[in-house]
Amino acid sequence: MPFDLPVVTRNLLIANVVVYLLQQVMGETLLTYFALWPWGPDQVAQGAQGLVSVGFRPWQLVTYAFMHGSLTHLFSNMLALFMFGGQIERVFGTRNFIVYYFVCLLVAALAQLVVVNWFTGGFYPTLGASGAIFGILLAFGMLFPHEKMILIFLPIPISAWLFVTLYGLAELFMGVTGTQAGIAHFAHLGGMLGGFILIQYWRGKLPIKPQRKLWR
């Protein structure tokens, strides 16, 4: 967990904190226009400035991932980014890490839109960097599978690959059963899926091959 963070990880940390501070100043305005809202017709809601039309906009596929619902939400995501992001960025390189981060958050957003539209229903916003963070955790588990991790609630060293696998299964279970309502479990899984596909592509494991393999 080095403190000399590489440039992209450091700037992502700063950007998330700055946007959270803006949320405190601008109130529901940022939530209305930049959180991820479900596909479908807009809905009219009462805002601070009167009635506003709320609904999905294409830019929300990115902007939602820089917003957070609470200080705890922000802290947990940024702690994980601080702990693992720098290591992954050093392995991937600056350009590839940017691509990886945004692919994970985009696939996470699409997964959430699909689940809300065709399965759970409802009209509520999704926000937070968790989809991208879960993609980073997935990358850590794939690239450093035998690194030992110690969980707060389980003070026993556990291999990174096992931690990531168990975490993913737990998210799937909670998403299917509706446990911990209000948490976008399938967005988390979408971030992991996007990361897995991209890493396998870079490794040359998919039918479509990269110009050069980056890892074995």
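The values are calculated or read from the model by the stated rules, or taken from the named source; none is laboratory data. From a predicted model like this one, the values you see are computed outputs, not experimental measurements. Here Cβ is always computed from backbone atoms with ideal geometry, including for glycine, and neighbour counts include all displayed protein chains. These area figures cover heavy atoms from the full protein model, side chains too; ligands, DNA and RNA do not enter into them. Shrake-Rupley method; radii C 1.70, N 1.55, O 1.52, S 1.80 Å.
For the reader, a short list of remarks on this structure follows.
- Unmet criterion (only one of (1) at pLDDT 95 or above; (2) open to solvent by 10 Å² or more (accessible area, probe 1.4 Å); (3) closer than 20 Å to G40 by Cβ) for A108: (2)
- Being closer than 30 Å to L22 by Cα and crowded, with 22+ Cβ neighbours inside 10 Å holds for only one residue in A129, A139, and it is A129.
- Selected residue (criterion: farthest from E89 (Cα to Cα)) from residues of the stretch 12-29 that are at pLDDT 95 or above and open to solvent by 80 Å² or more (accessible area, probe 1.4 Å): L21
- Selection status of Y101, closer than 21 Å to V8 by Cα, among the hydroxyl-bearing types (S, T, Y) and in contact (Cβ under 8 Å) with a residue 60 or more places away in the chain: yes
- Only a single item in (1) in a helix (DSSP H, G or I); (2) of a type in the set (V, I, T); (3) surrounded by fewer than 16 Cβ atoms within 10 Å (Cβ to Cβ) is not met by V115, and it is number (3).
- Residue check: T32 meets all listed conditions (1) without any contact (Cβ under 8 Å) to a residue 24 or more places away in the chain; (2) open to solvent by 60 Å² or more (accessible area, probe 1.4 Å) but one, namely (2).
- Close pairs (8 angstrom Cβ cut-off, 6 or more residues apart or separate chains): free of Cβ contacts under 8 Å to residues at least 12 places away in the same chain and among the aliphatic types (A, V, I, L, M) in the stretch 153-173, assigned to a helix (DSSP H, G or I) and open to solvent by less than 40 Å² (accessible area, probe 1.4 Å) anywhere: none
- Residues located in the stretch 31-45, provided they are over 20 Å from V115 (Cα atoms) and outside any helix (DSSP H, G or I): V44, A45
- The one condition from (1) in a loop (DSSP other than H, G, I, E, B); (2) open to solvent by 40 Å² or more (accessible area, probe 1.4 Å); (3) modelled with pLDDT of 90 or more that G204 does not meet is (2).
- Residue that is nearest to the chain's Cα centre (by Cα), among those in the stretch 57-98 that are part of a helix (DSSP H, G or I) and of a type in the set (D, E, K, R): E89
- For the residues L162, L105, the requirement of being hydrophobic (A, V, I, L, M, F, W, C), over 30 Å from Q211 (Cβ atoms) and not in a strand (DSSP E or B) singles out L162.
- Hits in the stretch 85-98 - residues which are in contact (Cβ under 8 Å) with a residue 40 or more places away in the chain and open to solvent by 20 Å² or more (accessible area, probe 1.4 Å): Q87, R90, V91, T94, N96, I98
- Residue count for the stretch 193-216 under the criterion of being within 19 Å of T165 (Cβ to Cβ) and β-branched (V, I, T): the result is 2.
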